[in-house]
Amino acid sequence: MDSILRTIREDSTIIAKEKPSSTPSRRIRVNGYRVQVYYGGNNQKAKQEARKMAERVKIWFEELPVYTSFSSPHWICRVGDFQTREEAMEVLQAMRESGRFPRAIIVKSKINITEDELRREEPTDSCAAGDSTAYSTNTGIIGRGPVEGGTPEDSTSCGQGND
């Protein structure tokens with residue numbers, strides 16, 4: 001896990017050194033992936049849990065952006081802005097190996113990146129059409145709607161709401 005985090009930190013340092021000091025690139029939203037670490041109800045306790053999970057992520061994975069939002073009727077905490085599922089999988093594995101995020105899953109979502117970071121090929125999927133299909137890679141089960149609280153393991157679903 002340390003080597004993955006070290007690589008992430010080193011990669012971001014290299015990118016920072018390689019960027020020209022000209023005008024900063026404009027931020028855009030594109031289809032991509034995030035790691036969902038919390039999915040709760042719509043009460044005050046769920047709000048507190050989502051925020052607590054966000055703080056935990058910031059402590060253990062300080063280099064990753066954290067998004068806590070309310071998408072009626074659920075509080076959600078998601079991490080990262082990954083253009084590929086493989087990038088998200090590396091972080092998911094590190095999070096699970098830490099033992100602090102055992103129920104984390106990968107979800108399809110709109111992500112925030114700069115124009116410079118944009119790869120030529122965006123993920124092509126049904127998220128663009130607003131589909132909320134979830135697929136479990138463990139069981140091969142396809143379902144509709146969001147995946148509850150990180151279960152089933154290793155699943156993906158389209159991001160809904162304000163990430």
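Please note which strands (runs of 3 or more DSSP E) are completely contained in the range 57-150 and include at least 1 residues that are modelled with pLDDT of 95 or more and under 19 Å from R27 (Cβ atoms).
Where strands (runs of 3 or more DSSP E) fall fully within the range 57-150 and carry at least 1 residues being modelled with pLDDT of 95 or more and under 19 Å from R27 (Cβ atoms), they are 66-71, 74-82, 105-114.
Residue pairs, Cβ under 8 Å, 6 or more apart or interchain, first in the range 35-55 and of a type in the set (S, T, Y), second modelled with pLDDT under 95. List them.
Final answer for the pair search is Y38/G149; Y38/G150; Y39/P146; Y39/V147; Y39/E148; Y39/G149; Y39/G150.
Of the residues in the range 66-84, how many are surrounded by 15 or more Cβ atoms within 10 Å (Cβ to Cβ) and farther than 19 Å from K47 by Cβ?
4
So, in the range 54-93, exactly how many residues are more than 13 Å from the chain's Cα centre (by Cα) and of a type in the set (G, A, S)?
The qualifying residues number 2.
Determine, yes or no, whether S21 is modelled with pLDDT under 95 and assigned to a helix (DSSP H, G or I).
no
Out of (1) out of contact with any strand residue (DSSP E or B) (no Cβ under 7 Å at 6 or more places or on another chain); (2) part of a helix (DSSP H, G or I); (3) farther than 17 Å from R100 by Cα, the odd one out for K52 is which?
It is condition (3) that K52 fails.
When you go through W75, W60 one by one, which is the residue that is in contact with a Gly (Cβ under 7 Å, 6 or more places away or on another chain) and of a type in the set (F, W, Y)?
Result of the check over W75, W60: W75.
Pull up the range 24-43, narrow it to residues that are part of a loop (DSSP other than H, G, I, E, B) and surrounded by fewer than 12 Cβ atoms within 10 Å (Cβ to Cβ), then point me to the one that is modelled with the highest pLDDT.
The residue in question is N43.
The values are calculated or read from the model by the stated rules, or taken from the named source; none is laboratory data. All figures in this text were calculated on a predicted structure; none of them were measured in a lab. Cβ atoms come from the backbone with ideal geometry, glycine included; neighbour counts cover every protein chain shown.
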